[in-house]
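Throughout, read-outs are computed from the coordinates displayed, never taken from laboratory work. Being a predicted model, the structure only gives us computed values, none of them experimental. Cβ: placed from backbone, ideal geometry, glycine included. Neighbour counts: every protein chain shown.
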Amino acid sequence: MKRCLFICIVACVACLTAWAQEQDTIPTADMMVELRELVVKGGLPNTRLKGNAMITRVEGTPLASSGTLGELLVKVPGMTGSEDSPEVLGKGIPLIYLNGRLVRDESELKRLRSEDIRDVEVINNPGAQYDATVKAVVRIRTKRQQGEGLSLDLTVTDEQDLRYNFNKPNAKLGLNYRMKDVDIFGSVWYYHQDYRQYSWLEETTNTTKLFHQVGPYTMTWRNNQLTYTAGVNWQISDNHSVGVRADLTHYLGGTNKVIYDEDVFENDVRIDHLYSEQTSKETKPLGILTNAYYNGSAGKLGIDFNFDFLSTEINTDRENVEISLVNDDFVLSGSGSESRLYATKLVLSYPVWKGVLEAGTEMTFARRHNTYWIDKPSIADTDADITEDNIATFVEYGADFKRWGKASVGLRYEHTLYDYADDKNSDYLHRSMDEFFPTASYSVLIGNVQTALSYSLKTNRPSFFAMNDAVTYISRYSMQAGNSQLLNERLHDLTLNVSWRWLMLSASYGRCKHVITQWSFVSDDDAALIKHINLDRPVNTVGAYISVTPRAGIWSLNATAGVEKQDLYLDLEDPHAAGGMRRAYFDKPVYTLNAFNTFSLKHDWRFDINFMFRSHGHQLNFYDDYDNMRLNLVVQKSFLKGKALTLRAAVLDVLQRNHMNEYGDMGYYKIQQNNRYSTHKLQFTVIYRLNATRSKYKGTGAGKDAQQRMKN
């Protein structure tokens, strides 16, 4: 069946190519540019290797009409994931910068348009300047548009779910006023989220008794929010610029409903039918994130300074209604978290010998207060304060040895002070860490082949949620908790990048210690308690990906194929195995194939056929036994002078194969969860622009790792 499906897709692409060529016999200006790139030898490819970074040109290519920034990023060579959560292949979720400013709010991936982007730089093994938790960085630069006065940018999008029949609209209005060296900008964005997940859940607990729970699980999440952005940038001179920016999030309320409807068996005898309905209502005061920066130079000394402040708060009230053959129950619980963050970063650069020496410091001070209460005496309340201070210094030197290549070495030192105190449970933890993180890279041009080899030592700190010891009640048979005793992960990463014309290869090897994953423990009443733990053995991972970006006439392709495989086995408790233990292997590879086809026709018509595939395979101690596929079809037409008006229509997840069947093996506890997502949609977008100009804001942000972890 997979072969038939693949043949059908290839046939459709071939037929559409032939039809489009018949309809478009007169070359347009864009076509002439594309044909010249095929004829002129040595022309700049869409993607090129620069050091250990892959830079993809967007302006003037079919990628420029991809839609939102999120839709663009998943099409860039070296990246995958979804438009809501782009990933770097083999490295996971990256830090994303826009003109040097950290993209802190994921909604910016929906608010920004691909037409504004000049190029995208993917760094799959970043150096010492970046936080030691950062495994990948994506740097985005917008087009340098000129002009003064007022500009307007209006985008309205509506998504109609074709399977579950619900609607998800959003709209953004942006204004920008530029006069001489001053740039004033602002925007307001409305977003209605309606997310649904339908699953089949099976849980098996095998101790002195065999418990088996099976039945459907559904989750519905709805919320509305407004995001306001305002800022000003002053380009004092060619060597000096200052600015300030504020992002305010106004949460209009949200409701999350989770329903379990399962049969419970003990030693293969049905003892209960549990219907559990949990309703959570969230409230959030106005979230504040501000950034102030200075970027300039004093003689040959380059200066880049940023200061960030973040304030967020979340309060959740839950109601659990349980209907059971044994006894009914009604459980009330609530939780809250308040977060504050102060961060600053200073980077100095100075030319030395054959290159540039960079040195700087980054300081982050985070405060978190977590509360949890429940009207069930068997589960303790929580009132915990978490403080984390991180002070880092770094130095990095890069030199250009001309035909002998380029080399860089760096070292980052981080001092981390962590305190956890729960007054309700008399739980206290004090941890002080001093760590060094070396980095090194070398790149050289061999004939027409560009190569780059890089090494880094990284870490991963658990999120504040994962370190919260509070036990969250799910049902009488399962609960969830964090673990304040978690250690940081430590990852050795070796990455090779090779580029030749429109073909690129990336291969990497990683060895990670103290890997953080989820595990299950059985309580005295045989309920499963799911917690975060550190694995007691390292995990080795290898991966290789090849990307191609050919263009021929009206057709262009961005395709990536690759494989990733981990080496992991665990000795698990099993009362039915010899000696009460058994060895389990988690080493099935995961294959990836992405193919983004674009057909650019005359009169500003465009058709996209986007196909993404991810095979079954292991990730840590979890196994996905389903081959996930997504096929999206897009048509787009631009109108008016300068393409000021654009209409776009898309059918998403045409095959309805965006599923995940996840199986977790934790010894005496096993879980199988088959997930179906609400991604089969019809999407309409209207984009209107008047006198478009771009902001000159150059803030980069600070305290990026702590900002991301506070969201979890």
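Here are the numbers for the structure shown:
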| quantity | calculated |
| --- | --- |
| Residue-count net charge about S349 - beta-carbon cut-off 14 Å; Lys, Arg +1, Asp, Glu -1 | -1 |
| Low-density loop positions, chymotrypsin sites (Phe, Trp or Tyr not before Pro), region 393-445 - DSSP coil, at most 13 other Cβ in 10 Å | F401 |
| Proximal lysines to K209, defined as alpha-carbon separation beneath 23 angstrom and excluding residues fewer than eight positions away on the same chain | K531, K670 |
| Shape of region 100-172, Cα gyration tensor, a/c cut at 1.5 | oblate |
| Rounded if a/c under 1.5, otherwise prolate or oblate - region 307-419, Cα gyration tensor axes | prolate |
| Distance from region 153-170 to region 57-125 (C-alpha centre basis), Å | 22 Å |
| q = 0.21, 0.24 Å⁻¹, region 124-218: log10 I(q)/I(0) [Debye, one scatterer per Cα] | -1.03, -1.14 |
| Per-residue ³J(HN,Hα) for region 110-122, Karplus 6.51 cos²θ - 1.76 cosθ + 1.60, θ = phi - 60°, Hz, x for Gly and Pro | 8, 7, 8, 10, 5, 4, 8, 8, 8, 7, 10, 10, 9 |
| Over the chain: helical MRE at 222 nm, DSSP H runs n ≥ 4 each giving -39500 (n - 2.57), nearest 500 | -2000 deg cm²/dmol |
| Dipole magnitude of region 485-612 about its Cα centre (Cβ charges: Lys, Arg +1; Asp, Glu -1), debye to nearest 20 | 860 debye |
| About the Cα centre, charge dipole magnitude for region 21-710 (Lys/Arg +1, Asp/Glu -1 at Cβ), debye | 3880 debye |
| Share of alpha-carbon pairs per 5 Å distance bin for region 269-321, given as whole % | 4, 12, 11, 10, 9, 9, 7, 7, 7, 6, 5, 4, 3, 2, 1, 1, 0 |
| Dmax and Rg, reported as Rg then Dmax, of region 509-610 (C-alpha, Å) | 22.9, 73 |
| Region 39-118 - convex hull of alpha carbons, volume per residue in Å³ | 108 Å³ |
| Cross-link reach list, aspartates and glutamates versus K180, counting only Cα pairs under 19 Å and skipping chain neighbours closer than eight places | E148, D238 |
| Within the chain, longest stretch clear of exposed trypsin sites (Lys or Arg not before Pro) (DSSP loop, no more than 12 other Cβ within 10 Å) | 301-712 |
| Distance from region 414-461 to region 342-360 (C-alpha centre basis), Å | 19 Å |
| Neighbour-count ranking [beta-carbon atoms within 10 angstrom, fewest first] of H250, H532, H430 | H430, H250, H532 |
| G90 long-range amide H proximity, modeled H, under 5 Å | none |
| Whole-Hz couplings from phi, Karplus 6.51/-1.76/1.60, listed for region 69-80; x for Gly and Pro | 4, x, 5, 5, 4, 5, 8, 6, x, x, 10, 7 |
| With Cα atoms, 0 to 90° folded angle of helix 2-23 axis to the chain main axis | 30 degrees |
| Share of pairwise Cα separations in region 21-710, more than 52 Å, in percent | 11 percent |
| Under the Karplus curve 6.51 cos²θ - 1.76 cosθ + 1.60, θ = phi - 60°, whole-Hz ³J(HN,Hα) for region 305-315, x wherever Gly or Pro sits | 10, 9, 9, 10, 9, 10, 9, 9, 8, 9, 10 |
| For region 193-297, average projected area of the Cα convex hull in nm² | 11.7 nm² |
